[in-house]
Amino acid sequence: MNLNNVDLSNCDREPIHIPGRIQSHGFLLAVDNESTLITYASENCIDFIAVELQMLLGKPFGQFEEIAGLNLKNGQLLQLIQLGGAKKDFDIINPYPIQIGNADYYMIISPTANYYLVEFEPATLEYDIQNQIGKSVSEILKGKGLRSLLQNTAKEIKDIIHYDRVMIYKFQEDGHGEVIAEVKNEDLDPFYGLHYPASDIPKQARALYKLNYTRIIADVNTISAPILTLEVEDPLDLTHSVLRAVSPIHIQYLRNMGVESSFSISLIAHGELWGLIACHNYSPKFIDYKAREGAKLIGKIVSSALEYREEEEQEQQSNIYQLAMTMISLHLGKDEEMASALTRQEYTIKDIAGASGAAVLFEDVISTVGETPDEIQLRELFVWLKATMHDAVYYTHRLPEVFPGAKAYKHLGSGIIAAMISKDMNEIAVWFRPEQITSINWAGNPDKPVVVSDNGLLNLSPRNSFEIFSELVENTAVKWTKTEISNVMKLREKIINTISKKAGEIRILNERLKRAYEELDTFSYTISHDLRTPLTSIKSYTELVIASNKSLDEQGKKMLGRVVAGADKMNFLINEILKLARVGRAEVEFVSLDMDKIVKDSTVEVISALNAGNVEVTFGDLPAISGSPVLISQIFTNLIGNAVKYSRSEDHPAVHIEGLKVEDEIIYKIQDNGIGIEIGHHDKVFELFKRMENVKDIEGTGVGLAIVKRIIEKHNARIWFESELKVGTIFYVAFKTN
């Protein structure tokens, strides 16, 4: 890649670790780690040791002292390299002080691939940071909050190394940076609060900041020195070099800002590059290796402190979330209605994620807490989420950008987290955050980092203007944190486990109920059957006494007649119970039924049995249905019987029967103009042995409609009624058509 032709397709791949050059305030040698020959050397060596490159390249490093005219024994520096190589640690050696001529220098050794980099730079001894670290760190850590910690850091660093401007620069998730603390000379414009595009410090530069905690650019106006070699070799990897040259793009960038020298210290949190302590000077400035190492130590201490402070703040918030989670879990564990446990307690689902509102769709009912869209908007959102979500949890801080319908309520829900409880059951929970309209101040227009070259390529061009460029950001909420997303996932699991547990309990209860139901059927059948024999004996012997005992007076005959009547009534009740038991035990075989015949035969039977010739019965359409002929006959015999029985005392008793197809059902209607059903008795109509006060004088047991209800259930059908006292009653029975 031509370093002078970096464009938008490759700017993030510019090989800044192999620039082939070094900054000119020092010089570099590269020693082969096997042959110990000097394989590479910077062209500017002659400026420091007055030796031509041909006198260095290819020569054993053990002779360097003599070649360079150093006042050292030959091989002494090579022994240092070998010592560090054997220990795989050069920190015990770096920096090694030496004199070149009458000047003090530091030798810094670092390994790279098959070579050792040996670099020499001035030792100015201008800044004694080592002795100031204790006091500075104490001042830095006085700040209780994260912001004050960082502001104190900027101040102390400026007091120690005297750069014109010291900033704390934090990287955001998308790679762009923001100045969140600053200390500067009074004559400088502030950069605090400004944002810088990610292209200002591309990802390969950020990767190097993780490896090298400090980086100095001593003078942007000096010409860097090329690195030369005798043979055609691969470019020398300068990843760990302290003199590595700077990308031409970045040099021009600094010049455009008016900055002539810079120094940066990496801030690392949780193993990632959190930000930089960025120092700018508006004239050339160099601080030597020991001063930089002292600054690096401060950077490491600040990194640990900011990591701790961030964790402390997060823990405080997390404790609030955890309390809410615990309380919700307690309510879920109780035998409470799900929506109530989530939205109607002191702590609600809104409190586990710092949301302004939340909504739950459960069993097709929407429950809300806090500020949320209205029900129509929520249902539209739920439909979209069901179609869109591929994972159990979905979150965004820019909902209106992905779901246009949300623009209508962006002030309530520009950010959401959605947890799918059950896709099949259409059950979901959603947390909302309002729009946060933000004005971002960029240091120059972030959308204009390029110029069009003669060949049409979009070449990366450092901004010439750093005037504040304001950008209004809409349709955006504060981003959800990892803790909040994790809490939603945990709560989803708790809800699902609660539902599963309750479903299991219901299954157990259903099994018990089924067994009890079957046992009751058997008991009813057995008892009813066994009672008939002694009852028949009672009736027969009583009738025999009445017929054969001539000495009975009228009072005696009347009393024995009541015994016979009681036996008949009991026999009738037993027969009704037997019918109910048979329905419970019967298996339904579905066949197509001629309802015209069944309904009209049942009507004739009822009219005859009740001697109700005065009741006018009319018929509409009687469409065919599927079911058991015997059981369906029982339904209509009972319903028609009730209609006739409770209307025959009217002046013009009338009953009408018809069926009508409605969507996938055939609905039969049995209508009378009889006495009607009291409203307070509506919920008891289908209960066994339940009868109204106004029918006490009309023959009946209260078993008929209970039988009808059972048969209806066995046919997967529905039954309901409408009734008004002294107006009449309409019973509806709906049968599925498939």
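Taking a sphere under 14 Å around the Cβ of residue 729 and counting the other residues whose Cβ falls inside, with K and R at +1 and D and E at -1, yields a net charge of -1. Charged side chains reduced to their Cβ positions (Lys and Arg at +1, Asp and Glu at -1) give segment 280-369 a dipole of some 820 debye around its Cα centre. Note that segment 66-77 has calculated 3J(HN,Hα) couplings of 5, 4, 7, x, 7, 7, 9, 6, 4, x, 5, 6 Hz, one per residue in order, obtained from phi through the Karplus relation 6.51 cos²θ - 1.76 cosθ + 1.60 (θ = phi - 60°); glycine and proline are x.
Distances between placed amide hydrogens fall under 5 Å for residue 436 paired with 476, 477, 478, all partners being 5 or more residues away or on another chain. Distance between the C-alpha centres of segment 385-429 and segment 631-650: 54 Å, rounded to the whole angstrom. Taking all protein chains as they are arranged and a probe of 1.4 Å, the heavy atoms of residue 660 leave approximately 110 Å² accessible to solvent.
For the pair residue 207 and residue 282, label points projected 7 Å from Cα toward Cβ lie 3.7 nm apart. Among residues other than residue 655 with Cβ under 13 Å from its Cβ, the summed charge is 0 (Lys and Arg +1, Asp and Glu -1). Within segment 605-677, DSSP assigns beta bridges of which about 65% are antiparallel (rounded to the nearest 5).
Can you find, among 129, 100, 146, the residue sitting farthest towards the positive end of the charge dipole of segment 99-146, where Lys and Arg contribute +1 and Asp and Glu -1 at Cβ? So the residue we want is 146.
Between the amide H of residue 215 and those of 264, distances stay under 5 Å, these residues lying 5 or more places away or on another chain, with hydrogens modeled in the peptide plane. Between residue 47 and residue 185, the simple label model (points 7 Å from Cα in the Cβ direction) yields a spacing of 2.4 nm. Each of residue 727 and residue 67 was given a label point 7 Å from its Cα along the Cα-to-Cβ line. The distance between the two points is 11.5 nm. The stretch between residue 88 and residue 159, if pulled fully straight at 0.36 nm per residue, gains 22.0 nm over its current Cα-Cα span. Distance from the alpha carbon centroid of segment 299-332 to that of segment 179-199 works out to 30 angstrom. Ligands, DNA and RNA left out, the accessible area of segment 214-318 computed with a 1.4 Å probe is 48% carbon and sulfur. Surface composition of segment 77-143: carbon and sulfur atoms hold 48% of the protein heavy-atom accessible area at a 1.4 Å probe.
What the phi angles of segment 153-159 give under the Karplus curve with 6.51, -1.76 and 1.60, with θ = phi - 60°, is a coupling list of 4, 4, 5, 5, 4, 5, 5 Hz, glycine and proline written as x. Taking Cβ atoms as reference points and 10 Å as the exclusive limit, the residues near residue 185 contribute a net charge of 0, counting Lys and Arg as +1 and Asp and Glu as -1. Based on C-alpha pairs under 8 angstrom that are at least 6 apart in sequence, segment 93-187 has a relative contact order of 15 percent.
For segment 223-275, a simple Cβ point-charge model (Lys and Arg +1, Asp and Glu -1, everything else neutral) yields a dipole of about 320 debye relative to the Cα centre. Per residue, the accessible area of segment 249-339 comes to 42 Å² when a 1.4 Å probe rolls over the protein heavy atoms. At an R0 of 35 angstrom, the distance between the Cβ atoms of residue 665 and residue 501 translates into a FRET efficiency of 0.45.
Suppose the chain between residue 112 and residue 74 were pulled fully straight at 0.36 nm per residue; how much longer would it get relative to their current alpha carbon spacing?
Gain on stretching residue 112 to residue 74: 11.3 nm.
The values are calculated or read from the model by the stated rules, or taken from the named source; none is laboratory data. Given the structure is predicted, the values throughout are model-derived calculations rather than measurements. Neighbour counts run over all protein chains shown; Cβ positions are idealised from the backbone, glycine included. Just the protein is used for accessible areas: all its heavy atoms, side chains included, with ligands, DNA and RNA removed. Shrake-Rupley method; radii C 1.70, N 1.55, O 1.52, S 1.80 Å.
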